[in-house]
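**Q** Structure below; questions to follow.
The values are calculated or read from the model by the stated rules, or taken from the named source; none is laboratory data. All of these numbers come straight from a predicted model, not from anything done at the bench. Glycine also receives a Cβ, built like all others from the backbone with ideal geometry; neighbour counts cover every protein chain displayed. Please note that ligands, DNA and RNA were not included when accessible areas were found on the heavy atoms of the full protein model with its side chains. Shrake-Rupley method; radii C 1.70, N 1.55, O 1.52, S 1.80 Å.
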Amino acid sequence: LTVLYWIILGQKNIIITGQQGTGKTTFMKALINYIPETANIRVNEMIAELGLRYAFPNRNTLAVQQTATISMQDGLNILKKTNGFVNLIGEIAEAIQSVFFVQQSQKASAQAMGTHHAKTTDALINSIAQDLQEEKVYQSKEESMPVVVEAVNFDCHLENTKGHRHVQFLNEVIPVKGRKYPHPVPMSEAHMRENETEYYVRKTDRVYFEIRPIIEYQNGRFELINLPSDKTLQDIEKKLVYSDDVREFNEDMEMLRKYLESKKNKVTG
């Protein structure tokens, strides 16, 4: 809860993944408690499930739903013209919703959240990238993948284990860019061959992102594996408005660092 609190308050984009019946919509609804009350919330749903006007009657919320005469695109166009600080997609089930999530996460709002049926973080990223190509926003994987890995910051995956709904893992998606070639110029013929091999690897099997595990559910309990990356922690701190929030954030991160260090000492000891 500590990690998720700062991810939401720090305006990072997050997608809740999991199969039907794992509680994705309910979980995202719970995370709204971490969004500042002054933030305008905009919602796009195929089926009205969140019910934010009832759950948060004092919040500035606007929800649109697909109907027989109002298409998903029509609803998205309406939301684009409203002042949304946080944009939620009840379920990213159509390609156009992936496009909307990426657009909102990068331009039109401070934060985007959604749910998706992906089983893994790899599957989530690749599915959204394919949707962007299907909608002709980008023509190739080389074009769509860098955009998606910048838009999706965290994947929070839920499971239903014999009726017990819980977070299975929380992963950070870290874009990979600007990698240097193995050898600088000038170089020997052997080094040139190594650089040439690296070039063709990037053309045929390029790595677009790394997955950093943050939380994992192991043996009936939640285990902290890593803190978010240094860049993400810096980004979160920059988004905090009040000095008390900054102080509390740094105290919480220090607490988690000490916890990780104690785990490491137990293993090595």
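**Q** Report Rg (one decimal) and Dmax (nearest whole number) for the stretch 25-85, counting Cα atoms only, units Å.
**A** 11.8, 35
**Q** Return one whole number: the accessible area per residue of the chain in Å², for a 1.4 Å probe.
**A** Numbers: 14960 Å² over 269 residues.
I get 56 Å² per residue for this part.
**Q** Provide Rg and Dmax in Å for the stretch 1-118, with only Cα atoms included in the calculation.
**A** 13.1, 43
**Q** Could you sort Asp155, Asp252, Asp244 by accessible area so the largest value comes first, with the probe set to 1.4 Å?
**A** Details: Asp155 0, Asp252 35, Asp244 95 Å².
From most exposed to least exposed: Asp244, Asp252, Asp155.
**Q** Give the aspartates and glutamates whose C-alpha is closer than 15 Å to that of Lys239, dropping any in the same chain fewer than 8 places away, or say none.
**A** Correct list for Lys239: Asp230, Glu248.
**Q** Mind putting a number on the dipole of the chain about its Cα centre? Charges go on the C-beta only, +1 for Lys and Arg and -1 for Asp and Glu, and I need it in Debye to the nearest 20. Please list the in-between numbers first.
**A** Details: 32 positive and 34 negative charges, 57 e Å.
Result for the chain is approximately 280 debye, rounded to the nearest 20.
**Q** Turning to a different aspect of this structure: Give the distance, in whole Å, between the Cα centre of the stretch 1-70 and the Cα centre of the stretch 215-237.
**A** Measuring centre to centre over Cα atoms gives 22 Å.
**Q** R0 = 35 Å: FRET efficiency of Asp230 with Asn83, Cβ-based, nearest 0.05?
**A** The pair Asp230/Asn83 has a calculated efficiency of 0.60.
**Q** Filter the GluC sites (Glu not before Pro) in the stretch 1-105 down to the DSSP loop ones having no more than 12 other Cβ atoms within 10 Å, then list what survives.
**A** On the way: sites: Glu37, Glu45, Glu49, Glu91, Glu94; in loops: Glu37, Glu49, Glu91, Glu94.
Passing sites in the stretch 1-105 are Glu37.
**Q** Then there is this: List the pairs from Lys141/Lys177; Lys24/Lys162; Lys119/Lys162 whose alpha-carbon separation is above 19 Å, in the order I gave them.
**A** Values: Lys141/Lys177 15 Å; Lys24/Lys162 16 Å; Lys119/Lys162 17 Å.
From Lys141/Lys177; Lys24/Lys162; Lys119/Lys162, over 19 Å: none.
**Q** Would you calculate a helix-derived [θ] at 222 nm for the chain, using -39,500 (n - 2.57) for each DSSP H run of n ≥ 4 and dividing by the full residue count, to the nearest 500?
**A** Values: 10 runs with 116 residues, N = 269.
Mean residue ellipticity at 222 nm (helix-derived): -13500 deg cm²/dmol.
**Q** Another question about this same structure. Taking a probe of 1.4 angstrom, what is the accessible area of Tyr217 in Å², to the nearest 10?
**A** Ignoring ligands and nucleic acids, Tyr217 comes out at about 50 Å².
**Q** I've got another one for you. Place a +1 charge on the Cβ of each Lys and Arg in the stretch 28-139 and a -1 charge on the Cβ of each Asp and Glu, then give the dipole magnitude about the Cα centre in debye, rounded to the nearest 20. Could the numbers behind the result be given before it?
**A** Details: 9 positive and 10 negative charges, 80 e Å.
About 380 debye.
**Q** Around Thr121, with a cut-off of 13 angstrom between Cβ atoms, what is the net charge of the other residues, counting Lys and Arg +1 and Asp and Glu -1?
**A** Numbers: positive: Lys119, Arg212; negative: Asp122, Asp155, Glu172, Glu210, Glu216.
Local charge sum for Thr121: -3.
**Q** Tell me, what is the percent relative contact order of the chain, built from C-alpha pairs under 8 Å that lie six or more residues apart? Walk me through the intermediate numbers first.
**A** Working: 403 pairs, mean separation 51.2, N = 269.
Once divided by the residue count of the chain, the mean separation gives 19 percent.
**Q** Next question, about the same structure. Between Asn13, Ser98, Val147, whose Cα lies farthest towards the positive end of the dipole of the chain when Lys and Arg beta carbons carry +1 and Asp and Glu beta carbons carry -1, centred on the Cα centre?
**A** Result: Asn13.
**Q** Computed from these coordinates, which is Kirkwood radius over Cα pairs in Å: [x] 19.5; [y] 20.2; [z] 21.9?
**A** Matching entry in [x] 19.5; [y] 20.2; [z] 21.9: [y].
**Q** By how many nm would the segment from Gln20 to Glu254 grow when fully extended, if each residue of separation counts as 0.36 nm and the alpha-carbon distance is taken off?
**A** On the way: separation 234, 0.36 × 234 = 84.24 nm, distance 3.65 nm.
Result: 80.6 nm gained on full extension.
**Q** Measure off, as a whole percent, the carbon and sulfur share of the 1.4 Å-probe accessible area of the stretch 222-269, all protein chains present. Don't jump to the answer; show the numbers that get you there.
**A** Working: 1770 of 3450 Å².
After summing per-atom areas, the C and S share lands at 51 percent.
**Q** Still on this structure, please answer the following. Under the rule a/c < 1.5 gives rounded, and otherwise a/b versus b/c splits prolate from oblate, where does the stretch 207-269 land using the Cα gyration tensor? Intermediate results must be reported in sequence, preceding the final value.
**A** Details: a/c = 2.17, a/b = 1.38, b/c = 1.57.
Oblate shape, in that a/c is at least 1.5 and b/c is the bigger or equal ratio.
**Q** Working from the alpha-carbon coordinates of the stretch 1-46, get Rg over Rh, Rh being the Kirkwood radius.
**A** Values: Rg = 11.3 Å, Rh = 11.8 Å.
Value, to two decimals: 0.96.
**Q** On the protein heavy atoms, probe 1.4 angstrom, tell me the percent of accessible surface of the stretch 1-135 carried by carbon and sulfur. Walk me through the numbers before you get to the answer.
**A** Values: 2930 of 5940 Å².
Answer for the stretch 1-135: carbon and sulfur cover 49 percent of the accessible area.
**Q** Given the peptides 21-28, 231-238, 126-133, 111-118, arrange them by the average over their residues of other C-beta atoms within 10 Å, most packed first. Mind dumping the intermediate values first?
**A** On the way: 21-28: 18.4, 231-238: 14.9, 126-133: 20.2, 111-118: 23.5.
My ranking of the peptides, most packed first, is 111-118, 126-133, 21-28, 231-238.
**Q** Now, a different point. Can you say what percent of the DSSP beta bridges in the chain, counting only those with both residues inside, are antiparallel? Round to 5.
**A** Details: 19 of 40 bridges.
That works out to approximately 50 percent antiparallel.
**Q** What FRET efficiency comes out for the pair Tyr242/Thr2, r = Cβ-Cβ distance, R0 = 22 Å, nearest 0.05? Don't jump to the answer; show the numbers that get you there.
**A** Details: r = 18 Å, r/R0 = 0.80.
Step by step, r from the Cβ atoms, then E = 0.80.
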